[in-house]
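A short worksheet on the structure shown next.
The values are calculated or read from the model by the stated rules, or taken from the named source; none is laboratory data. Values in this document were obtained by computation on a predicted structure and should not be read as measured data. A quick note on method: Cβ atoms are made from the backbone with ideal geometry, for glycine too, and the neighbour counts reach across all protein chains shown. Note: areas computed on protein heavy atoms with side chains; ligands, DNA, RNA excluded. Shrake-Rupley method; radii C 1.70, N 1.55, O 1.52, S 1.80 Å.
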Amino acid sequence: MRTFAVGDIHGGLKALIQLLNKMEVKDEDTLVFVGDYVDGWSESAQVIQFLIELSQKINCVFIKGNHDVWCEDWLRDNDVNPTWYMHGGKETMESYEGFSDEQKKEHLEFFQNMPLYYIDNENRLFVHAGFTSMHGIEKEVFKTSLYFDRTLWEMALTMDKRIKENSKLYPNRLKQYKEIYIGHTPTINFESEIPMNAINVWNIDTGAAFTGKLSAINLNTKDVFQSDNLPVLYPNEKGRNKN
């Protein structure tokens, strides 16, 4: 039995299928997705449909990301958040052309059932963005932090070279968990095309929404699997590269 964490997909179905094939996923494996399934490339609705069907065959955990919150609001209330529209929402809405009302309802339920975080039986935490409470994610007051916070990753990067686990400087936030897996903040912003590790935090968003790849990591071996760069798979699209 293997467990993988999978990074932000952002509508890149071709990358997701390519990645799963490279991983040679088996029925007994567990896949934990850290959120942001939609917004970017042209196949957001198709990604959701694929994941629903995948979860009927393989044990999957789907964490909710900020883009998923926006898409859920649109599917439920037809509410078009202006920020969402400019950051991939337009492409997501277009991807739903041809989907029936029944299919959209099924997708809405899929989003509604997503947890904001997941802790496995080895005390490994999975969350889309981060959290701010020094007492752990269960004590987080502002739930939006779970899909918007960047301070956890920034703190881990800043402190990584200065800390040993028994140091008094070791952040209490990070002491709560064996490992923490996040997405949300693309590693390509830090000139890395592969998942990054700082202290006990693993950032597996390798910029699939933009010019990067979609990545997954085997939690036990730390082997990394990656798709091609998304612009190669979608040569006639810009993704979230608007400039």
Every residue from region 97-117 that is aromatic (Phe, Trp, Tyr) and crowded, with 19+ Cβ neighbours inside 10 Å: PHE110, PHE111, TYR117
Neighbours by Cβ (under 7 Å, 6+ apart or cross-chain): first from region 1-13, closer than 10 Å to ILE204 by Cβ; second at pLDDT 95 or above and among the polar types (S, T, N, Q): PHE4/ASN218; GLY7/THR206; GLY7/SER215
Okay, strands (runs of 3 or more DSSP E) sitting entirely in region 159-243 with 3 or more residues that are open to solvent by 30 Å² or more (accessible area, probe 1.4 Å), I get 224-226
Residue selected from region 22-47 under the condition more than 18 Å from ASP205 (Cα to Cα) and assigned to a helix (DSSP H, G or I), by the criterion most open to solvent (accessible area, probe 1.4 Å): GLN46
Which pairs do you get when a residue that is on the phi < 0 side of the Ramachandran plot and free of Cβ contacts under 8 Å to residues at least 24 places away in the same chain, found in region 204-230, comes within reach of a residue that is open to solvent by less than 50 Å² (accessible area, probe 1.4 Å) and part of a loop (DSSP other than H, G, I, E, B), reach meaning Cβ atoms under 8 angstrom, with the pair 6+ apart or on two chains? ASN229/GLY212; ASN229/LYS213
Any residue at all in region 1-9 that's among the small types (Gly, Ala, Ser) and surrounded by fewer than 17 Cβ atoms within 10 Å (Cβ to Cβ)? no
Per the filter on region 98-130, residues closer than 17 Å to ASP205 by Cα and either part of a loop (DSSP other than H, G, I, E, B) or among the polar types (S, T, N, Q) (or both) are LEU116, HIS128, ALA129, GLY130
Hits in region 157-197 (condition: modelled with pLDDT of 95 or more, among the charged types (D, E, K, R) and in contact with a helix residue (DSSP H, G or I) (Cβ under 9 Å, 6 or more places away or on another chain)): GLU193
Restricted to region 182-215, and to residues that are small (Gly, Ala, Ser) and under 21 Å from SER42 (Cα atoms), which residue is nearest to the chain's Cα centre (by Cα)? GLY183
For region 122-141, name all the residues that are β-branched (Val, Ile, Thr) and surrounded by fewer than 19 Cβ atoms within 10 Å (Cβ to Cβ). THR132, VAL141
Here are the criteria: (1) under 12 Å from the mean Cα position of the chain (by Cα); (2) open to solvent by 20 Å² or more (accessible area, probe 1.4 Å). Tell me which single one LEU75 does not satisfy. (1)
Members of region 48-73 that are part of a helix (DSSP H, G or I) and under 26 Å from PHE131 (Cβ atoms): ILE48, LEU51, ASN66, HIS67, ASP68, VAL69, TRP70, CYS71, GLU72, ASP73
Taking the stated definitions as given, is GLY65 among the small types (Gly, Ala, Ser) and buried (at least 21 other Cβ atoms within 10 Å of the Cβ)? yes
Go through region 78-96 residue by residue and tally those that are in a helix (DSSP H, G or I) and surrounded by fewer than 21 Cβ atoms within 10 Å (Cβ to Cβ). 8
Of the residues in region 144-158 that are part of a loop (DSSP other than H, G, I, E, B) and open to solvent by less than 90 Å² (accessible area, probe 1.4 Å), the one that is nearest to ILE199 (Cα to Cα) is ASP149
